[in-house]
1. Residue by residue through the range 74-132, note down the ones that are surrounded by 21 or more Cβ atoms within 10 Å (Cβ to Cβ) and assigned to a loop (DSSP other than H, G, I, E, B).
2. Is it the case that the range 61-70 has a residue that's touching a residue at least 40 places away in the same chain (Cβ under 8 Å), among the hydroxyl-bearing types (Ser, Thr, Tyr), over 30 Å from Arg133 (Cβ atoms) and open to solvent by less than 10 Å² (accessible area, probe 1.4 Å)?
3. Return a yes/no flag: does the range 163-184 have any residue that is modelled with pLDDT of 80 or more and hydroxyl-bearing (Ser, Thr, Tyr).
4. Within the set of pairs 6+ apart or on separate chains, which have a first residue in the range 275-287 that is closer than 14 Å to Ala84 by Cβ, a second that is modelled with pLDDT of 80 or more and open to solvent by 50 Å² or more (accessible area, probe 1.4 Å), and C-beta atoms under 9 Å apart?
5. Looking only at helices (runs of 4 or more DSSP H) that lie completely in the range 265-369, which have at least 1 residues being surrounded by 20 or more Cβ atoms within 10 Å (Cβ to Cβ) and among the β-branched types (Val, Ile, Thr)?
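The values are calculated or read from the model by the stated rules, or taken from the named source; none is laboratory data. Since this is a predicted model, take the numbers as computed values, not measurements. Note that we place each Cβ from the backbone using ideal geometry, even for glycine, and neighbour counts take in every protein chain shown. Ligands, DNA and RNA are stripped out before the accessible areas are found, and what is left, the full protein with its side chains, is counted by its heavy atoms. Shrake-Rupley method; radii C 1.70, N 1.55, O 1.52, S 1.80 Å.
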Amino acid sequence: MSESTRMMLGLAIGKKKEEWALAITGWVVSIPVFADSAIVIFAPLVKAMSSVTGKSVVGLALSLACGLQLTHCLVPPTPGPLTAAGLLGVDVGQMIMIGIVISIPMLLVIVPYCKWVGKKIYQIPTGDGEYERKEFKEEYLKSMDEVEKLMGEKNLPSFGRAIAPIIIPILLIFIKTFWNLLGSGEGMVNTVICLFGEPIVALALGTVIAIYGLVKKEDNKRVINIMDTAIKDTGLIMLITGAGGSLGNVIKVSGIGDVLGEAVVGLPIPAILIPFIIAALMRLALGSATVAITTAASLTAPLMASISVSPILLAASCCVGAISFSYFNDSGFWVFNGMFGLHELKDQVKCKTAVSLIMATVGVVELCILQLVIH
């Protein structure tokens, strides 16, 4: 981490606020990186921070996990919200904006809970892969400047080069969104903005920037192996997305959507909560947030003509529902528990399951409020 980056983070967040630093880090990192992978990648940093500061590794790791989970479920270009936007006809730039707006209050609510859990489940790494469990004590051992020494000095890229593959595609998508909202005309400028603002083109450009900006000096074979692994990981996501789109089309053509629409209109619940309930049930049944969002969006698309709710709120409702119920069939549940030494069921539920329910509850309140504003 460069000196300038460290100074900016220190001024913005301050010492003794490591939970906030990790939550914000997870919130940003999960946009281009899958949440489960990011937990594994950042585990050494979390353990180092726990050893240096004396804070519970559970509270620190849970803050990171919450930040990761929020943008993974709410902000494109992660696959779930990107699929929901496509199935429900929502502009990707607008989906990014609504996801950011909804996720921020969730983050503000959940980090204090993570700090509280860290005091209740107080354990720190012992250095041999195990954790020592003891009573919480209010003690700040060392400065955060010691983290780099504990982790080892590394030749890392600058802050600008590290964040460019994330920021540039999002900016291009935003520019296209605002250009369309302002009523763009014709001509070369319009063509260029619309071309580079397309999510596929913008993300492809971000990939090129990552290759030539971050791993330019690496061996070609190693770079190809990294890209090959990434393609294998995304293959399943593409399959799920394609299957979800097919399911939505089957529902539309078969007429089931009309029947569901008539039944939904008569239900004594706000229409905005229907996608939320579908996604929450799918998350509970299958464990995958991406599958839950895709299924909820597929089933919601045929209902759009029957319910008077903005498509962007319906898409957001699918995503918020998928945050809830992180439990036994969720891979992230086991990755977190295994990585940070949580073996008792009550501790596991108090962490990943509880935070998912709290964030989803906050999201429901936000959706109901936004429905009064967005029509």
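1. Of everything in the range 74-132, those that are surrounded by 21 or more Cβ atoms within 10 Å (Cβ to Cβ) and assigned to a loop (DSSP other than H, G, I, E, B) turn out to be Val75, Pro76, Pro77, Thr78, Leu88, Val90, Ile121.
2. Checked against the condition, which is being touching a residue at least 40 places away in the same chain (Cβ under 8 Å), among the hydroxyl-bearing types (Ser, Thr, Tyr), over 30 Å from Arg133 (Cβ atoms) and open to solvent by less than 10 Å² (accessible area, probe 1.4 Å), the range 61-70 yields no hits at all.
3. Within the range 163-184, none of the residues are modelled with pLDDT of 80 or more and hydroxyl-bearing (Ser, Thr, Tyr).
4. Arg283/Phe325; Arg283/Tyr327
5. The helices (runs of 4 or more DSSP H) meeting that bar are 273-286, 289-300, 311-323.
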